[in-house]
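Here is the structure we will look at, set down as structure tokens.
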Amino acid sequence: MNPKYEPLFESFTLPNGVTLKNRFVLAPLTHVSSNDDGTLSDIEIPYIKGRSKDVGLTLTAASYININGKAFPGHPSASRDSDIEGLKEQARVMKENGAKALLQIHHGGARTIPKYTPNNESFAPSEVSDRGFGMPEEHESREMTVEEIEQSIKDYGEATRRAIEAGFDGVEIHGANHYLIHQFVSPHYNRREDAYGARFKYALDVIKEVVAVVKAHTDAPFIVGYRFSPEEAEAHGISMEITKDLLEELVATELDYLHVSLFDFHSKTRSGKYEGEERIKLIRDWVDGRKPLIGIGSIFSPDDALDALDTGIPLIALGRQLLLDKDFVGKLASGREDEIISKFDPEREDKHDLPPNLWQQFNEGFYPLPRTDEQ
């Protein structure tokens, strides 16, 4: 290994005492490859196994806690006890080479695609129009009842129990990317006048439920993380000022880490008091070491990863890069960084070892990334 990259391979211990073998995290990647009923498909096991083998922490794709929150084609389920057998196999292969395996638990809220739900509808904190994953047109979502809110909180807990029974090392609560928990935090989506109109109540209630379920169902250390998006493009949406207040609430909980969702690691604040400042550096300073942070966003080279680590963020998530080259971390560890594949090549015979649906999305330019056929 080139000595300059050694810091990326130092171990890291989370607040609950669990030690990760290095600083790399497999991001929770939407692979659109589960069976139509949310069960694990045959192509998912080699896909997740290959991408988990060298990292310290590995996350599943977002997995829905209730069929009313199904937001993607090929969206995996953690909503039924019958899902546990498939989850067991997933956890086993993710952990096979020493990575800690986490199930990301998720509800689409307003971004649920109505045609996938039993009543062909989606619901949100308040009535809103929004567009589902890959959908050409917006759809309407109705306001959730209090009973539906309370049931969804219980569903996050039940998904956590299933993760424990399936042998996962933890869960990540998906509070980012315009999905349900994010929507309750956002003034764009949440205009309620009852108790759940309080900006952080729903997110904190979900965390409390998940932590309570962990304590009730296992004595072993079990990781609970939380992913969040720091700023919305929508007018009157989440701002960095709101995120600063959210972080104060989150660091006071029993979470083991916080995961900031960014498309570009060094992206800058769009507007407001902190306009032009790097979001990741603001978040680092506000958290001030009270919780470990995972950072992510357009990290395509070893030097990108080292640069991210040098900002003081202790854990670095890889998304599109580990899709392009599942051996990125292994090649870096063995001094073969010159062999790393960092561009999508539509002519590769192995199709980057991607599931067919995901390869097709890459080929069609669904996700921005470096390509060999760029003009």
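The values are calculated or read from the model by the stated rules, or taken from the named source; none is laboratory data. Just so you know, these numbers come straight off a predicted model, no measurement behind them. Note that each Cβ is placed from the backbone with ideal geometry, even for glycine, and that neighbours are counted across all protein chains shown. Each accessible area value is taken on the protein alone, full model and side chains, heavy atoms only, with ligands, DNA and RNA left out. Shrake-Rupley method; radii C 1.70, N 1.55, O 1.52, S 1.80 Å.
Brief remarks follow.
- Region 29-46: number of residues that are within 17 Å of the chain's Cα centre (by Cα) and over 21 Å from Tyr116 (Cα atoms): 0
- Taken together, the residues in region 175-223 that are part of a loop (DSSP other than H, G, I, E, B) and touching a residue at least 40 places away in the same chain (Cβ under 8 Å) amount to 17.
- Filter result (open to solvent by less than 30 Å² (accessible area, probe 1.4 Å) and in contact with a Gly (Cβ under 7 Å, 6 or more places away or on another chain)) within region 200-214: Ala203, Val210, Val213
- Test set (1) under 30 Å from Tyr367 (Cα atoms); (2) open to solvent by 30 Å² or more (accessible area, probe 1.4 Å); (3) not β-branched (Val, Ile, Thr) - Leu262 fails condition number: (2)
- Evaluated against (1) in a loop (DSSP other than H, G, I, E, B); (2) touching a Gly at 6+ places or on another chain (Cβ under 7 Å), Thr253 falls short on exactly one condition, (2).
- Any hit, region 273-280, residues being in contact (Cβ under 8 Å) with a residue 40 or more places away in the chain and closer than 28 Å to Val224 by Cα: yes
- A residue that is open to solvent by 40 Å² or more (accessible area, probe 1.4 Å), within 28 Å of Ala91 (Cα to Cα) and in contact with a helix residue (DSSP H, G or I) (Cβ under 6 Å, 6 or more places away or on another chain) can be found somewhere in region 164-173.
- Residue match in region 261-281 (condition: under 23 Å from the mean Cα position of the chain (by Cα) and of a type in the set (Val, Ile, Thr)): yes
- Test: residue in region 268-290 that is modelled with pLDDT of 95 or more, in a loop (DSSP other than H, G, I, E, B), over 23 Å from Asp245 (Cβ atoms) and of a type outside the set (D, E, K, R): no
- Any hit, region 273-287, residues being touching a helix residue (DSSP H, G or I) at 6+ places or on another chain (Cβ under 9 Å) and small (Gly, Ala, Ser): no
- Where helices (runs of 4 or more DSSP H) fall wholly inside region 292-369, the ranges with 1 or more residues that are touching a residue at least 60 places away in the same chain (Cβ under 8 Å) and open to solvent by 20 Å² or more (accessible area, probe 1.4 Å) are 302-310, 328-333, 356-363.
Residue-by-condition table, conditions (1) farther than 18 Å from Gln104 by Cβ; (2) without any contact (Cβ under 8 Å) to a residue 40 or more places away in the chain; (3) among the hydrophobic types (A, V, I, L, M, F, W, C):
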{"position": "Pro15", "(1), (2), (3)": "yes, no, no"}
{"position": "Ser33", "(1), (2), (3)": "no, no, no"}
{"position": "Leu59", "(1), (2), (3)": "no, no, yes"}
{"position": "Tyr64", "(1), (2), (3)": "no, no, no"}
{"position": "Ile67", "(1), (2), (3)": "no, no, yes"}
{"position": "Lys70", "(1), (2), (3)": "no, no, no"}
{"position": "His75", "(1), (2), (3)": "no, no, no"}
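- Residues of region 265-285 satisfying the condition of being closer than 13 Å to Ile238 by Cα, surrounded by fewer than 16 Cβ atoms within 10 Å (Cβ to Cβ) and among the polar types (S, T, N, Q): Ser271
- Residue selected from region 298-326 under the condition within 19 Å of Arg284 (Cα to Cα) and not aliphatic (A, V, I, L, M), by the criterion nearest to the chain's Cα centre (by Cα): Ser298
- Matching option when the condition is of a type in the set (S, T, N, Q) and modelled with pLDDT under 95, among Ser11, Ser41: Ser41
- Complete set of residues in region 127-142 that are open to solvent by 40 Å² or more (accessible area, probe 1.4 Å), farther than 16 Å from Thr117 by Cα and not in a loop (DSSP other than H, G, I, E, B): Ser129
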